[in-house]
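The values are calculated or read from the model by the stated rules, or taken from the named source; none is laboratory data. Values in this document were obtained by computation on a predicted structure and should not be read as measured data. Note that we place each Cβ from the backbone using ideal geometry, even for glycine, and neighbour counts take in every protein chain shown. Side chains included, ligands, DNA and RNA excluded: accessible areas come from the protein's heavy atoms. Shrake-Rupley method; radii C 1.70, N 1.55, O 1.52, S 1.80 Å.
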Amino acid sequence: MVDAMDMLRTYLSGVRIPGPTNRIFKHECCVSFDTPKSEGGLYVDMSSFLAFGKDFVLWNYEKTRHPVYLHIKQTKKVVAEDRPSKKPTILAIGVEGGFGSSEPDYEESYNIVILPDYASLPFPSVDLPEKVRLAVDAIILAEGAEKKEQVAAWVAEKHVSAYAMCLPQIESSTVIPPSGWKCAKCDKTENLWLNLTDGMILCGRKNWDGTGGNNHAVEHYNETKYPLAVKLGTITADLEAADVFSYAEDESVIDPLLPKHLAHFGIDFSSLQKTEMTTAERELDQNTNFDWNRLQESADALQPIFGPGYTGLVNLGNSCYLAATMQVAFTTQAFISRYYANQSLKSSFDAAPADPTVDLNMQLTKLGHGLLSGRYSIPSSEKQEGIPPRMFKTVIAASHPEFSTMRQQDALEFFLHLLEQVERVNAGNTKLDPSRNFKFGIEDRIQCPSGKVTYNRRYDYILSLNIPLHAATNKDQLEAFQKLKSQAESEGKDLAAAEVVRPRVPLEACLASYSSPEEVMDFFSTALKAKTTATKTTGLTSFPDYLVLHMRKFVMEDGWVPKKLDVYIDVPDIIDISHMRSKGLLPGEELLPESAGDVEAESARLVADEQIVSQLLSMGFGQLPCEKAAIYTSNAGVEEAMNWLLSHMDDPDINDPISHTSQNAVASVDQSHVDTLVSFGFQEDVARKALMATGGDIEKATDWIFNSPDAISTSHMDTSSSGATSADNELPDGSGRYRLLGFVSHMGTSTHCGHYVAHIYKEGKWVLYNDEKVGASVNPPKDMGYLYFFERLTDC
């Protein structure tokens, strides 16, 4: 039998020593939620630095033929019960190392393992080849990619300093030593900052409790106005981690020329070691005494549930919007089939690229198996631990900068982003795409006083509903409450929470409001050849397998001040929306004639709004360009007109008469943007018109189509009696009867703060999913939902 050491020497060329820029995974398996604490520990590939659990490491060997692994096993230490609470190390709530975390101490053991025979060599050992020892030391000392990305997301987003690119540096013979620093104005040897202009080493700011520095660095800036300083002790080979502060901008910044600025003072950053906390890390240290328990929901009365489908998701720090949404998504058969029942971890891993952590299908499969298998939901005497969706969050947020932060986000926006990304990665294989089970067609029917009609069709994943407060069913109680409230306010008293009465609006009223006729002002009728008031009704051309209703609880008051409606929605378990199906062109209906010409002809019928023109003139634009901007945006508003102006100021014919500009305006639209809008379900002529009206901005063009009556007046969709297009035929369709599957609730004054939880009806009972906690819900607050998920009832 070949000796393990001889085998290691044979494979030595494949072992890599990680550098500062390498992503090293050592806290979590790439295809499961196994960790070093798991029974089999974790195996780190010493070539790719990817980590795998005991049941999955052989898959990686078969795929890559990488034989050498560092095996990490963590074993819980036995500690005294009266041991003081562990100090947080991550700026997060309820996550490992964060506030509210009671994670016990673990001791780690290491071995070098050679596959496929699992030959093992102990580490540390002087008998191991030097290359292996260096590689293992680097892996152990490095911050894992999982944690590094999480901590980086918590640090306030840095921007490149406005002073970095042209920072003056005074010629000096001063050479900064690699250690032994001291403040030039006092005896401080910690919290020292090197001014990048003159090389002065000075102490930092004094903390509120008297600790820290003596303010000498900031005082030096006030005297010299030299703006940038770097904290000594944070400079290492990984310069991205260096703490650079701009006193002029009063925040931590990025200095792209930091290597050059350091070299000016003879600093070789590649040989320096980290000895100081960064500003963000010190912020952690100063917040450890804050009582975060007051911010956490008590779960004393919650009866925990364990087993397949009852696995919680660890809060990574304001990630409750993701947790609540994904729990409901993986209750639908669409996601269960695609990423669990019909998709094994092995097949997903085999189909994934070399780095499975960046593959959305792999990470969705990993998440699906983690939530549904029951592997990580086993009764414990301690607590429900849940699984941390770190890798999934990283990959789903890659194309959306907001979701990559640790700030709270809107669950609706995240759900729509999820479906868009799922549709993208499953393009070309609609049978596998779970997003199509949520997609449906919407048709607007507009009738002008001539009796003639026009249709506009689009597609969506959610039905967004206004809440008609006038339809409240408890008006008498509301009236009495308002009197009581007025009386209390006049007496300077506050009402008890139990005395507050909120409007109760039936869901049926919200659905009726969506499909009820509404007036469209200033509609240009091609039949009457004039602007008039038309009537618009909206219906659905198809009914999805899963109907998602969004309650518009957040509205804008005067002055664009956001307000959350304090209202209850009475939601039945069964709803029927059959009456909302659009019937398309009916027998005897006559379509409005096509527009007499293109955008130029319609523009000729428009007169520039004097108020818009006046405001644009006050900004310094010329008279004729201002008139064109108003006309070519259909007098939609000053912002739209200004956007059009800014994108057309360089047109050679910007000052030509209006009748000569139409052809150039249409030609200036980016065809790729047109194609994008067409893929959303809009007609090409409408897409062109919208893009021209909004300066080529796709998002604004979409809003313009929905809100501009002129966008609809020239759009004629398929007007067959069935009201369906070939695209509709590809979407699921069926009965309009649905059963409530689950709902996501929000607590807080804004979608970007507060907390999200999910309630799901599963196996004959309501279950609460509150981050990692999963338990039986005694009284599910169905009237407080923000997003409601309905599942179609199969036809009897």
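When restricted to residues that are open to solvent by 30 Å² or more (accessible area, probe 1.4 Å), in contact with a strand residue (DSSP E or B) (Cβ under 6 Å, 6 or more places away or on another chain) and not in a loop (DSSP other than H, G, I, E, B), the stretch 223-244 contains 0. Within the stretch 136-180, the set of residues being part of a helix (DSSP H, G or I), at pLDDT 85 or above and among the aliphatic types (A, V, I, L, M) comprises Val136, Ala138, Ile139, Ile140, Leu141.
Residues checked against (1) farther than 30 Å from Gly734 by Cα; (2) without any contact (Cβ under 8 Å) to a residue 24 or more places away in the chain:
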position	(1), (2)
Ala397	yes, yes
Glu402	yes, yes
Arg407	yes, no
Leu412	no, no
Phe415	no, no
Gln421	no, no
Lys431	no, yes
Ser435	no, no
Asp444	no, no
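Right, Ala217: at pLDDT 90 or above, more than 37 Å from the chain's Cα centre (by Cα), open to solvent by less than 40 Å² (accessible area, probe 1.4 Å) and closer than 21 Å to Phe265 by Cα or not? Here the answer is yes, as Ala217 does meet what is asked. Taken over the stretch 485-514, the criterion of being assigned to a helix (DSSP H, G or I) and surrounded by 14 or more Cβ atoms within 10 Å (Cβ to Cβ) is satisfied by Lys485, Ala488, Leu507, Glu508, Ala509, Cys510, Leu511, Ala512, Ser513, Tyr514.
Just give me the residues in the stretch 569-612 being among the β-branched types (Val, Ile, Thr), modelled with pLDDT of 85 or more and in a helix (DSSP H, G or I), in sequence order. Quick ask: steps written out before the conclusion?
Just the residues of the stretch 569-612 that are among the β-branched types (Val, Ile, Thr), to begin with: 569, 571, 574-575, 577, 599, 607, 612.
With the extra rule that they be modelled with pLDDT of 85 or more, the set shrinks to 569, 571, 574-575, 577, 612.
If the condition is that a residue be among the β-branched types (Val, Ile, Thr), modelled with pLDDT of 85 or more and in a helix (DSSP H, G or I), then Ile612 is the only one that fits.
Annotation note: Cβ proximity below 6 Å between a residue of the stretch 563-591 that is closer than 15 Å to Phe440 by Cα and a residue that is β-branched (Val, Ile, Thr) (sequence gap 6+ or interchain) occurs for Ser582/Thr541.
For the stretch 341-357, a residue qualifies if it is open to solvent by 20 Å² or more (accessible area, probe 1.4 Å) and without any contact (Cβ under 8 Å) to a residue 40 or more places away in the chain, and the qualifying residues are Ala341, Asn342, Gln343, Ser344, Ser347, Ala351, Pro353.
Selection of the stretch 372-398 for residues being open to solvent by 70 Å² or more (accessible area, probe 1.4 Å) and not hydrophobic (A, V, I, L, M, F, W, C) yields Arg375, Pro379, Ser381, Glu382, Lys383, Glu385. Exactly one of (1) without any contact (Cβ under 8 Å) to a residue 24 or more places away in the chain; (2) open to solvent by 20 Å² or more (accessible area, probe 1.4 Å) is unmet by Cys203. Its number? (2) is the only condition that Cys203 fails.
Residues in the stretch 619-648 that are open to solvent by 40 Å² or more (accessible area, probe 1.4 Å) and in a helix (DSSP H, G or I): Gln623, Leu624, Glu627, Glu639, Glu640, Met642, Leu646, Ser647. You will find that of Asp728, Asp685, Asp795, the residue that is at pLDDT below 70 and open to solvent by less than 60 Å² (accessible area, probe 1.4 Å) is Asp728 and no other. Being more than 41 Å from the chain's Cα centre (by Cα) and modelled with pLDDT of 80 or more is a description that applies to Cys186. For the stretch 38-52, a tally of residues being buried (at least 17 other Cβ atoms within 10 Å of the Cβ) and either aromatic (Phe, Trp, Tyr) or modelled with pLDDT under 95 (or both) returns 4. So, in the stretch 360-378, exactly how many residues are within 14 Å of Pro389 (Cα to Cα) and assigned to a loop (DSSP other than H, G, I, E, B)? Residues that pass the stated criteria total 1. It is to be established whether one or more residues within the stretch 323-340 are outside any loop (DSSP other than H, G, I, E, B), open to solvent by less than 10 Å² (accessible area, probe 1.4 Å), touching a residue at least 24 places away in the same chain (Cβ under 8 Å) and of a type in the set (D, E, K, R). The answer is no; no qualifying residue exists.
Looking across the stretch 118-134 at every residue that is touching a residue at least 40 places away in the same chain (Cβ under 8 Å) and not in a strand (DSSP E or B), the one that is surrounded by the fewest Cβ atoms within 10 Å (Cβ to Cβ) is identified as Asp127.
When the stretch 68-99 is filtered for residues that are under 22 Å from Ile24 (Cβ atoms), open to solvent by 20 Å² or more (accessible area, probe 1.4 Å) and at pLDDT 75 or above, the ones remaining, listed by number, are His71, Lys73, Gln74, Thr75.
To keep it simple, each residue is scored yes or no on (1) of a type in the set (A, V, I, L, M); (2) farther than 23 Å from Ala690 by Cβ.
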{"site": "Ala411", "(1), (2)": "yes, yes"}
{"site": "Leu416", "(1), (2)": "yes, no"}
{"site": "Asn437", "(1), (2)": "no, yes"}
{"site": "Leu463", "(1), (2)": "yes, no"}
